[in-house]
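Everything on this sheet refers to the single structure shown next.
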Amino acid sequence: MDRCVVLVDAGYLLGAAASLLAGEPMRSRITVDHSALIRGLRERAEADTGRDLLRIYWFDGAPDRVPQPEHRRLRVMPRVTVRLGALTRSEGRWAQKGVDAAMHAELTELARNRACSDIVLVTGDGDLLPGLMSAKEHGVAVHLWAVQAADGDYNQSEDLVAEADERRVLDREWITRAVRARDVAGPCAPQPPTRPEIAAILSAPLPEPPAAKNGSRPAPAEPRDEPQPAKGVPTPRDLAALGRSAAASQQQPANATLRWSSDRGWVERGGVVEPPEAATLPTLAQLTTAEQRWADREEDITTVSGDPFEVGQVFAGRWFDRLVSRADADRLFEQYPRIPHRIDGELLRYAARFGLLAHKDDQIDENDRYAIRAGFWRQIGDRTGREHPSPAE
């Protein structure tokens, strides 16, 4: 077949780009416009090979092979197929497992079946040398692409370089069309507009500390050797420590609970979970039939990108459309900006399907949580015609 195929080792491509632009091979140091990157790969492959593109295979690692938001965006793009290996952490470092084997298998299978005349490899791993040699024996021209090395040296296996039919270096100018270092002004991808819903959720007041019997505030507790909460929004582990510390200092009853909430992270509830009218609101699972559940899953796989705000909107749209009584939507608005716990927990479990809410560098990404909930409220507001829901409405 007179077509070309591109096999991309995402760990190599993005890691080398991070080294070039940010000085270290950490993908968290760069931002990537995946649409521009795929478009650039396609245009360069067709120009170099003189063949029409059959497909781009994107090989990457993911925890438990669960697609992350970037993988979900990629796999719905035309002519892009995502193949995931495992991503494991050992001694504080992340490592891909099974990606090289998957690339080797795809490379040899494409060549054996004569699915294409030219294969472009974007990798530096010498483990692919046997697959490259096998492809050549089946009459396939192999093009090896490298990312410009930060130190000007090779960042590929020399044996792989020697065996390739054609070679090309993707230089800094080409890379920066789709990739930017995070500390460089002018990100490559358009930044989302400021969400007023997120601002509203972040500005929701926290409960006041309990007053003493004489009306004054309690004196600060003596310093203790209890774990201190992290700055910003505390994690569930911090909340447990706060509960023990407060109970020990008699600032709250020993049976009081600190629950994860939908406003600024935590709230003292003193044994009262939430109003009965909120606790009786139906969940999405209760409103969804088996046929709808199958259709929802199909939509999640094929059209939902995994952007946190979008995830909240999709969930809210399904919940609202399946309500038996619109009075339930009015009762929901009375709880703004908090989402009732049964629905909130279901929403966050739904978001976990898209790789959101994962621990990143051992810290919970609260920005994703705020965006998910803000998307939920925006969609509910759009469906009911309420631009900015508030408890006063």
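The values are calculated or read from the model by the stated rules, or taken from the named source; none is laboratory data. Keep in mind the model is a prediction, meaning the values are calculated, not measured. For neighbour counting, all protein chains shown are included, and Cβ atoms are generated from backbone atoms with ideal geometry for every residue, glycine included.
Scanning the range 6-34 for residues that are within 24 Å of A102 (Cβ to Cβ) and small (G, A, S) returns A10, G11, G15, A16, A17, A18, S19, S28. Test each condition in (1) under 19 Å from Y57 (Cβ atoms); (2) crowded, with 20+ Cβ neighbours inside 10 Å for V179 and report the one that comes out false. So V179 meets the others, but not (1). From the list L74, L20, which one is surrounded by 20 or more Cβ atoms within 10 Å (Cβ to Cβ) and within 19 Å of the chain's Cα centre (by Cα)? None of the other options fit; the residue is L74.
It is to be established whether one or more residues within the range 133-142 are of a type outside the set (D, E), within 22 Å of A36 (Cβ to Cβ) and crowded, with 18+ Cβ neighbours inside 10 Å. Even if it seems obvious, please write down each step before you answer.
Restricting attention to the range 133-142, the residues satisfying the condition of being of a type outside the set (D, E) are 133-136, 138-142.
Okay, now just the ones that are also within 22 Å of A36 (Cβ to Cβ), so none.
Among the residues of the range 133-142, not one is of a type outside the set (D, E), within 22 Å of A36 (Cβ to Cβ) and crowded, with 18+ Cβ neighbours inside 10 Å, which makes the answer no.
Could you tell me which of the residues R89, R73, R112, R42 is more than 27 Å from D153 (Cα to Cα), touching a strand residue (DSSP E or B) at 6+ places or on another chain (Cβ under 8 Å) and of a type in the set (D, E, K, R)? Outline the logic, then answer.
On the way: R73 fails: touching a strand residue (DSSP E or B) at 6+ places or on another chain (Cβ under 8 Å); R112 fails: touching a strand residue (DSSP E or B) at 6+ places or on another chain (Cβ under 8 Å); R42 fails: more than 27 Å from D153 (Cα to Cα).
Just a single option satisfies the conditions, and that option is R89.
For the range 106-156, the tally of residues that are under 20 Å from R83 (Cβ atoms) and without any contact (Cβ under 8 Å) to a residue 12 or more places away in the chain stands at 2. Listed by position, the helices (runs of 4 or more DSSP H) inside the range 285-334 whose residues that are in contact (Cβ under 8 Å) with a residue 24 or more places away in the chain and surrounded by 17 or more Cβ atoms within 10 Å (Cβ to Cβ) number at least 2 are 308-321, 327-333. Of everything in the range 111-126 that is assigned to a strand (DSSP E or B) and under 29 Å from the mean Cα position of the chain (by Cα), the residue that is nearest to R55 (Cα to Cα) is V120. Criterion applied to A135, A86, A111 was being farther than 27 Å from R177 by Cα, touching a helix residue (DSSP H, G or I) at 6+ places or on another chain (Cβ under 8 Å) and at pLDDT below 90, and the one residue passing it is A86. Scanning the range 127-169 for residues that are assigned to a strand (DSSP E or B) and under 24 Å from E24 (Cβ atoms) returns W145, A146, V147, V169.
Listed here are the residues, each with its yes/no results for (1) in contact with a Cys (Cβ under 8 Å, 6 or more places away or on another chain); (2) on the phi > 0 side of the Ramachandran plot; (3) modelled with pLDDT under 90.
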position	(1), (2), (3)
V8	no, no, no
A17	no, no, no
P25	no, no, yes
S28	no, no, yes
S35	no, no, no
L41	no, no, no
L53	yes, no, no
I56	no, no, no
Q68	no, no, yes
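Every listed requirement among (1) touching a helix residue (DSSP H, G or I) at 6+ places or on another chain (Cβ under 8 Å); (2) closer than 24 Å to V32 by Cα; (3) among the β-branched types (V, I, T) is met by V169 save one, (1).
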